[in-house]
Amino acid sequence: MFKKFLAKLGKGAALVDLRFENRPYKAGETLNGEFMIQGGEVTQQINHLSVRFMMRVNTHRGEAVSRQVATVPISGPFSIEAKQERRFPFHYTIPTDLPLSRGSISYYFDTHLDIEGGIDRSDLDHVILAAPDRVQAIFHAVERLGFREKATSGKIDTYGQEFEFFPTQSFTGQIHELELRFANEPAGIRVWMEVDCRNGFQEIEAKTEFLAGNELLENEEKLTDFFNERISEVMANPQLFRQPFSYQSQFRGGKSHGIGGMVGGLAAGVLGGMLLSELMDGLDVDGMMEGAADAFGMEEDMLEDAGEDFGDFFDGGED
């Protein structure tokens, strides 16, 4: 009787542990593991076992906020005897359009074991979300050209996630920054590239977009040459590459509609507009508005009036 009383208070109660291979997982990859339930000092009735996949972000104010990406039900009611071990398999396919893990963005699984008449048990397991192979091939290509990813790379906005690089070799003094966004397509990776070119005392933000085909992505040397050509082409005549990106032209009535398959495109839906606005404080929002205004031939102040509710793009609660 006393053991049952203690179990209800959590002492000597059943425990839960999610186990999977501790390594980075790529977007789109299926994570395989198992839940191990260890019985306590007495038999207990379990109402349900479930796990939530969570995104954690750090705002510019230094606050850490978590949002649920998905909930996976594992089991309904069952009994666990004293000292008994029970195992449940676990499989979860990571969405392809989540932001990749970077300094301000991380992920974890939050396991919940609902114990009838007692204190519920939980288990937190962190996981690193790495770039899928086709995107990683592009990262390697720009690194071979002497670019290094900035510590602040990986910022997110209503469109998706942006990756920032600085030159260390041949492009030093010519390029201030290289910015890339990606979208997954069946034929390859859609790339939006901004090159901040130095032109005397002036800096020009030159933009271009293109498709890196699947065959090209499988050849490291050709892919590196391809990006070298694209960057050099922009640098030669940066004034010719001033048009806004295609995803910016989808701005409608103060609402942004992301490109399907864009890396990080799920961020707005997961985080909600208010939190996303906080994360965007460090981004060039004025530049985004200017680009959208150019796309529609509108004055920027008119576009700002139309977009007063930009921060409420998605409904989402706060902690």
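Values quoted throughout were computed directly from the atomic coordinates according to the rules given, and no laboratory measurement underlies them. This one's a predicted model, so the numbers in the text were calculated from it and none came from an experiment. Heads up, the Cβs are rebuilt from the backbone with ideal geometry, glycines too, and the neighbour counts pull from every protein chain shown.
Of note:
- Some residue of the stretch 70-80 being touching a strand residue (DSSP E or B) at 6+ places or on another chain (Cβ under 7 Å), without any contact (Cβ under 8 Å) to a residue 24 or more places away in the chain and more than 25 Å from Glu21 (Cβ to Cβ): no
- Residue check, Ala141 out of contact with any strand residue (DSSP E or B) (no Cβ under 8 Å at 6 or more places or on another chain), buried (at least 17 other Cβ atoms within 10 Å of the Cβ) and among the aliphatic types (A, V, I, L, M): yes
- Of all residue pairs spaced 6 or more apart or on separate chains, those with beta-carbon atoms under 7 Å, a first member in the stretch 154-165 that is over 14 Å from Val191 (Cβ atoms) and a second member that is surrounded by fewer than 21 Cβ atoms within 10 Å (Cβ to Cβ) and aliphatic (A, V, I, L, M) are Lys155/Leu283; Ile156/Leu279; Asp157/Met280; Asp157/Leu283.
- For the residues Glu203, Glu177, Glu194, the requirement of being surrounded by fewer than 18 Cβ atoms within 10 Å (Cβ to Cβ), under 25 Å from the mean Cα position of the chain (by Cα) and assigned to a strand (DSSP E or B) singles out Glu177.
Table: residues versus (1) closer than 14 Å to Leu271 by Cβ; (2) of a type outside the set (S, T, N, Q); (3) under 17 Å from the mean Cα position of the chain (by Cα).
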site	(1), (2), (3)
Asn47	no, no, no
Met55	yes, yes, yes
Ala64	yes, yes, yes
Val69	yes, yes, yes
Pro77	no, yes, no
Glu85	no, yes, no
Phe88	no, yes, no
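- Of residues in the stretch 109-127 being under 23 Å from the mean Cα position of the chain (by Cα) and surrounded by fewer than 13 Cβ atoms within 10 Å (Cβ to Cβ), the one nearest to Thr30 (Cα to Cα): His126
- Single residue of the stretch 85-105 satisfying the filter (surrounded by fewer than 19 Cβ atoms within 10 Å (Cβ to Cβ) and among the small types (Gly, Ala, Ser)) that is farthest from Phe53 (Cα to Cα): Gly103
- Number of positions in the stretch 232-249 that are within 18 Å of Asn199 (Cβ to Cβ) and touching a helix residue (DSSP H, G or I) at 6+ places or on another chain (Cβ under 6 Å): 1
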